[in-house]
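What follows is a short report on a single structure.
Each reported figure results from applying straightforward, stated rules to the coordinates on display, with no laboratory input. Since the model is a prediction, treat every value here as computed from it, not as a measurement. As a convention, Cβ positions derive from the backbone with ideal geometry for all residues, glycine included, and neighbour counts pool all protein chains shown.
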Amino acid sequence: MDADFSEALIAFLPNLRRFALSLARRPDVADDLVQITVERAIAHAVSFDRGQKMGPWLFRIMRNAFIDMTRREKRSGTPIDIHDHPEALPTDPGPALEARLMLRNVQEAMSEMSEDHREVLHLVCVEELSYAEAAQILDLPIGTVMSRLSRARIALSQKLGIK
């Protein structure tokens, strides 16, 4: 593993964290996903094609790790996290409060969406990946990505009462 690879991997950690949170919807599990992804990326650094973007490769590793994790959880039963507490709303008035409330509404609306819609919406709208990159990560035809994204956007706007 060379220095350029390491630097690029470190620079991509915030993106990995955001995607992990969208998949897992729990900060502790998201942190585990990021760690697993970085470990696997380092272990398989020699297989990374330097001519390709690192983001889609890392997102694919993370999605596969999440699928593995989900399968293990289904076999182990239902875990209950005693540390799950809702965050208190901020008390500062004005635009910052309004923005936080809207973000919370969007997060809640996205958490109620199907995993298929949530994944494609996150990859394209939050991570700003192209349809082709999202299709590659999700292992879907580009037309399916476009269709899911359209339905996800409509569902999100309806949940938020924007239409």
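Things worth noting here:
- The stretch 92-163 - convex hull of alpha carbons, volume per residue in Å³: 89
- Scoring 19-30, 60-71 by mean Cβ neighbours within 10 Å over their residues and listing the highest first yields 19-30, 60-71.
- Pairwise inverse Cα distances across the chain, averaged and inverted, put the Kirkwood hydrodynamic radius at 17.4 Å.
- Relative contact order of the chain, pairs being alpha-carbon contacts under 8 Å that are 6 or more residues apart, as %: 23
- Placing R0 at 45 angstrom, the Cβ-Cβ distance between residue 159 and residue 3 gives a FRET efficiency of 0.50 after rounding to 0.05.
- Taking every alpha-carbon pair in the stretch 1-79 and binning the separations at 10 Å intervals from zero gives 18, 51, 24, 7, 0 percent.
- Entry note, the stretch 92-163: relative contact order of 35 percent, from Cα contacts under 8 Å with a spacing of 6+ residues.
- Inter-label distance, nm, simple model (7 Å from Cα along the C-beta direction), residue 50/residue 125: 3.8
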